[in-house]
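So the structure is just underneath, and the comments pick up after that.
The values are calculated or read from the model by the stated rules, or taken from the named source; none is laboratory data. Bear in mind the structure is a predicted one, so any value in this text is a computation, not a measurement. Cβ placement follows ideal geometry from the backbone for every residue including glycine, while neighbour counts extend to all protein chains displayed.
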């Protein structure tokens, strides 16, 4: 539906999950895709609700609502497809979003004391939005708002 090409520095895609708005760095966002068939299958991957096929690729879909809202995401209108890094390799990942997305340019301010999946904060008009770190967000535990990887690290002797 919409692609983000050559975003400028300090550019963010504003997205809506449920009734809350957040931001992602624009350079990680590939597109805002229309709703397509979600393929579900038995698995044990936290937050993964299934996969979509997009541009010939299988793209995992993460319901980030339990982490961001404390409950599953309500009905969505689009999938926001963004790139995640796995070591030196990136792959597309999708999150369901509730409304249209928009592009904004502003300075991100770091935020101490926020969950690990919040990279900082931006001010857009009179609205203050959390900037999400997608890698940390999709590995977060809904129960503790803590990264599964961080929890495993802390549990080691």
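Given the criteria at pLDDT below 95, buried (at least 19 other Cβ atoms within 10 Å of the Cβ) and closer than 17 Å to residue 129 by Cα, does residue 17 qualify? Before the answer, list the steps.
Details: at pLDDT below 95: yes; buried (at least 19 other Cβ atoms within 10 Å of the Cβ): yes; closer than 17 Å to residue 129 by Cα: yes.
Yes.
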Filtered residues of region 92-107 (kept if within 26 Å of residue 33 (Cα to Cα) and more than 13 Å from the chain's Cα centre (by Cα)): 99, 100, 102, 103, 104, 105, 106
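Would you mind stating whether residue 32 is crowded, with 19+ Cβ neighbours inside 10 Å and at positive phi?
Against the criterion (crowded, with 19+ Cβ neighbours inside 10 Å and at positive phi), residue 32 does not qualify.
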